[in-house]
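Step one of this worksheet: look at the structure below.
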Amino acid sequence: MIDYHKFYIDGAWIDPEIPSPSDVINPATETAWSQISLGSKADVYRAVAAAKAAFPSFSLTTRDDRIDLLKRVLAAYDERYEDIAQAVTNELGAPITWSRSAQTWAGQQHLIATIKALEQFHFEERRGSSMVLREPIGVCALITPWNWPLNQIVCKVAPALAAGCTVVLKPSEIAPISGLIFAEVMHAAGVPKGVFNLVNGNGPDVGQVMSGHPDVDMVSFTGSTRAGIIVAKTAAETVKRVAQELGGKSANIVLPDADLAVAVAEGTRSCFSNTGQSCDAPTRMLVPADRHDEALAIAAHIANSIIVGDPKDPGVEMGPLVSKLQFEKVKGLIRIGIDEGATLAAGGTESPKGLSRGYFVKPTVFGNVRPGMAIEREEIFGPVLCIIPYRDVDDAVRIANDTVYGLAAYVQGSPGCARSVARRLRVGQVQINYPSWDLQVPFGGYKQSGNGREYADWAIHDFCELKGIVGYGA
């Protein structure tokens, strides 16, 4: 077992004020593979003090200084690439091929995208005889989830540093080891003391303390809508900026002119990637009512062909859910779907064949799902696809928008029709015909999916304050 009991504060690894060991469970084996210490208020205060002390000098560094710093971070990250991928597989249960090609890759690509954005970013803008400045907002508390650990850590840390902010990071205590390796990356890259700090812990004892700390100027949070509300309420006491990326229940509209076989097959695979544990997963597939049964058969075939098993096996396509809590939640919602009368076409509540240990579930497909069913409304956060028939395109748009969430949506069909539908969807990002991932466009949600935007220059803007200097002169 690897022990990671220390926190990274003010450029050094230090012991927690109050030791509080916590096992990190490998969800494929249900056994502890590592151990961390959970932090307390005292640890948060030390980290924030370090970040506050480092801010005056770091905020005055030049753009070129920060570009060089991020390039050193990228080089150090690349050196630890395989270590990070192995950690993600152990803590999250992600198949090792997915850990390398998606999870660890995402952190690398965010560094590359942020460097590119910073090279082109304008911190000063003349407006006649006045000057508008974009200045670093200050000390930033960054709270990240377990489902895409490196994606969410780097897409917050990199733009915060690019803007000239200093940070305190709290990774998820469920999947913390990849974050601790990232702290080792930051140290190896020579990040100045106090600019980057890491404290492990749970939400109430660390996350909320960070959110309410009077010397924290901004909180960037990714997680559930329920937890996001608590963060926002806590931060409101000191009137600090809050950026949030929260839950989702994304619709995938298969238009009448789409290639049904391709659209359904690709949408099903996308829903099940990362074991369905993605906030923007296309979990609600809307298909023309007269082709519902055909779509259901295609989705069921894909679900039944997915290889579920030991995430360390390079041939495995889907690993376990992250925890026992998530395992019970997903199985419970599958039972509810059956009880509600949806058609179970694949999967179900039984464990996959040969997998009696670990938090494994079968890729599950429901058909004849009606708007208002629990499985259609709630964010299941597991490999469960709901196929919903619609009458016409107006009906599809209505169903897609009839949710408290608004993070992402997907549209399949001819470009003209798909673009028209995309403009009608109340979400922060729409993907047409399964494009490649684009880190240059903003990512974030409408409604209860959050506020603020991440990725590239959009994220740098979120970590800046605007200052107008009137009478600046010619």
Under 29 Å from the Cα of Lys41, which lysines turn up, not counting those fewer than eight places away in the same chain?
Lys6, Lys52, Lys156, Lys170, Lys193, Lys233, Lys240, Lys324
With the contact rule set at Cα under 8 Å and sequence spacing of 6 or more, what percent relative contact order holds for segment 251-439?
27
Farthest towards the positive end of the dipole of segment 251-439, among Thr268, Asn433, Val404 and with Cβ unit charges of +1 on Lys and Arg and -1 on Asp and Glu, lies the Cα of Val404
Show me the ranking of peptides 348-359, 194-205, 255-266 by mean Cβ neighbours inside 10 Å, starting with the highest.
194-205, 255-266, 348-359
For the chain, what does -39500 (n - 2.57) per DSSP helix run (n ≥ 4), summed and divided by total residues, give at 222 nm, in deg cm²/dmol to the nearest 500?
-12000 deg cm²/dmol
How big is D for segment 251-439, in µm² s⁻¹ as a whole number, if Stokes-Einstein is applied with the Kirkwood radius of its Cα pairs at 4 °C and 1.567 mPa s?
78
Once Ala75 and Lys353 are pulled to full extension, the length gained, defined as 0.36 nm per residue separation minus their Cα-Cα distance, is 95.9 nm
Compute the long axis of helix 63-79 from its Cα atoms, compare it with the longest principal axis of the Cα atoms of the chain, and write down the angle in degrees, 0 to 90, nearest 10.
50
Please figure out what share of the DSSP beta bridges in the chain is antiparallel and state it in percent, rounded to the nearest 5.
40
³J(HN,Hα), Karplus 6.51/-1.76/1.60, whole Hz, each residue of segment 392-407, x for Gly, Pro
8, 5, 4, 5, 5, 5, 4, 5, 4, 7, 7, 7, 6, 8, x, 7
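Each reported figure results from applying straightforward, stated rules to the coordinates on display, with no laboratory input. In this text the structure is predicted, and so the values were computed from the model without any measurement. Glycine gets a Cβ as well: all are built from the backbone with ideal geometry, and neighbour counts include every protein chain shown.
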